[in-house]
Amino acid sequence: MSGSLILAIETSCDETAVAILRSPGELLCSEIASQAQIHEVFGGVVPEVASRNHLSKIQTLLLRALEQARCLPKELDCIAATRGPGLLTSLLVGYSVAKGLAIALRKAFIGINHLEGHLLSPFFGSAHGPRPSVNLIVSGGHTLLVLMHDVGSYRLLGSTVDDAAGEAFDKVAKLLGLPYPGGPEIDRLARQGDPGRFDLPRSMLGSGDFNFSFSGLKTAVRYLLPKLQGDFVADVCASFQAAVVDVLVRKTIRAAKASGVDLVTVSGGVSCNSSLRFEIEKATREAGLKLKLAEPVLCTDNATMIAYAAAERFSRGYRSDLAEDADPNLSLI
Ligand code: KG4
Ligand code: ZN
C-alpha cells in the first residue's frame, strides 16, 4: 500500500518553498524560490519585502509542485506549513495558504515547528527514521543542542545566550564587506586562509553547561579589523570560522557523552559549513559516536524538511487545530 501524500509549505524567512512527499521518504518534488538577491542590497532580510515576495510567488510554486509531482490536490492526505518560529509576516503567507487549502480540500492540517524541520532533516531518507540522539541545530536564528528520544519528545540541553552561529557568520561577513548571506562567503574564503593567524575567543567553552555565546567573538573581530593592513580577509575568515567550529564541535561531543546516546546529528544552514562537517566527522569518529549530517540541500531552509516532519507526525496520528495561530516565537520544547 502506498504511503500518505503530504504537501508542505515553508515561508518562515526569505525562502518560499513547497514540497510534496509520499511518506515515509519518497520526495516527489521540492521547489524553492530564494529571495537572497532581493535582500542582498539591504544587507539582511527586510520583513515586509519578504512577505510581499512570498505572496507573489506562492501560487506559481504550488502549481508547479503539483504538476511536477503529477498529483491532483484531491489526492493529498495532509497539508502542512511552518507555524514558527520566524518572521510573522512571512509565516502568515504560507501558513494561511496551507490552512485555506486544507479547508477547501477537507484534508488534515499540520503546523510544523521550523526547528523540528531542521532537527529531523538528517534522518530524511534513513531506513529506520528518527531515533535517540543529540542534535545540534545551527541556523541563522538559532543555535540549539537538543536531546531527542522520539519525534515530539525533546529536551533542551543548551542554546546560545546571545547571537546564533549563523548570525555571527552574517555579522562578521558584513564587517568584512562581504555579501549577504555571509556564511557561504566566509566558508569559501576560509579555505585559502590561515586559521591560526588570529587567536580569537572560544566563549563559554569552560562554562560547564551546553550553552553558547558568539557575540564576544563578533566584537573581537570588530576590534581586530582596524588594526590590520594588507591581505587579511581570508585569514580572518579562517580564524573566525575555526573559533565557531571549535566550540560547536566540542560542546556537541560533550553533550552526547553526558547524555549516553551513540548518535549525533547536525542540521540548519550553518551545517553546510565545510569545516564544521569535517571537524564533527573527525570528532565523532574519535569519540566512537555515530553521525548523521543533514544533506547539503536540506541544511538551508526548504520545504522537504517540513514535509518530512509532517509525515512523521501524521503517521503518529498527530493533527493541528485550524484555530492555532502562526507564532514567530514558537518554541520547540
Ligand atoms: O537554516 P537557515 O537557512 O535559516 C534559518 O533558519 O535561519 O540558515 C541560514 C544561515 C545564515 O546565517 C547563513 O549565513 C548560514 O546559515 N550558512 C552558513 C553556510 N551556509 C549557510 N554558515 C556557514 N557556512 C556555510 N557554508
Ligand atoms: Zn531555518
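The values are calculated or read from the model by the stated rules, or taken from the named source; none is laboratory data. Owing to the predicted nature of the structure, the values given are computational and were not obtained by experimental measurement. Neighbour counts run over all protein chains shown; Cβ positions are idealised from the backbone, glycine included. For accessibility, only protein heavy atoms count, side chains too; no ligands or nucleic acids. Shrake-Rupley method; radii C 1.70, N 1.55, O 1.52, S 1.80 Å.
Figures for the structure shown
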quantity: Label-point separation in nm, Thr219 to Ile103, each point 7 Å along Cα→Cβ; calculated: 4.9 nm
quantity: Estimated [θ] at 222 nm from DSSP helical runs (n ≥ 4, -39500 (n - 2.57)) normalised by residues in the chain, nearest 500; calculated: -13000 deg cm²/dmol
quantity: Environment charge at Gly86 (Cβ cut-off 11 Å; Lys +1, Arg +1, Asp -1, Glu -1); calculated: -4
quantity: Portion, in percent, of the accessible area of segment 46-151 that falls on carbon or sulfur, probe 1.4 Å; calculated: 56 percent
quantity: Length added when fully stretched, Ser34-Arg197, from 0.36 nm per residue minus Cα-Cα; calculated: 55.1 nm
quantity: Cα gyration tensor, segment 198-246 - rounded (a/c under 1.5), prolate or oblate; calculated: prolate
quantity: Accessible area in square angstrom per residue, the chain, 1.4 angstrom probe; calculated: 43 Å²
quantity: Gyration tensor verdict on segment 1-156 (Cα atoms; rounded if a/c is under 1.5, prolate if a/b is larger than b/c, oblate otherwise); calculated: oblate
quantity: Percent of beta bridges antiparallel (DSSP, the chain, rounded to nearest 5); calculated: 60 percent
quantity: Residue-by-residue Karplus 3J(HN,Hα) for segment 226-234, coefficients 6.51, -1.76, 1.60, Hz, glycine and proline x; calculated: x, 7, 9, 9, x, 7, 9, 4, 5
quantity: 19 Å Cα-Cα reach of Lys74 towards lysines, excluding residues that sit fewer than 8 places from it in its own chain; calculated: Lys99, Lys107
quantity: Under 5 Å, built H, 5+ apart or other chain: amide partners of Leu157; calculated: Leu145, Val146, Leu147
quantity: Cβ-isolated cysteines (cut-off 4.7 Å), the chain; calculated: Cys13, Cys29, Cys71, Cys78, Cys237
quantity: Listed peptides 64-75, 126-137 by packing density, highest first (mean Cβ within 10 Å); calculated: 126-137, 64-75
quantity: Burial ranking of peptide ranges 289-302, 97-110 (average Cβ count within 10 Å, highest at the top); calculated: 289-302, 97-110
quantity: Rg/Rh ratio calculated on Cα atoms of the chain (Kirkwood radius); calculated: 0.98
quantity: Net charge over other residues, Cβ less than 11 angstrom from the Cβ of Ser215 (K, R count +1; D, E count -1); calculated: 0
quantity: Efficiency of FRET between Lys257 and Arg319 - r from beta-carbon atoms, R0 41 angstrom, step 0.05; calculated: 0.65
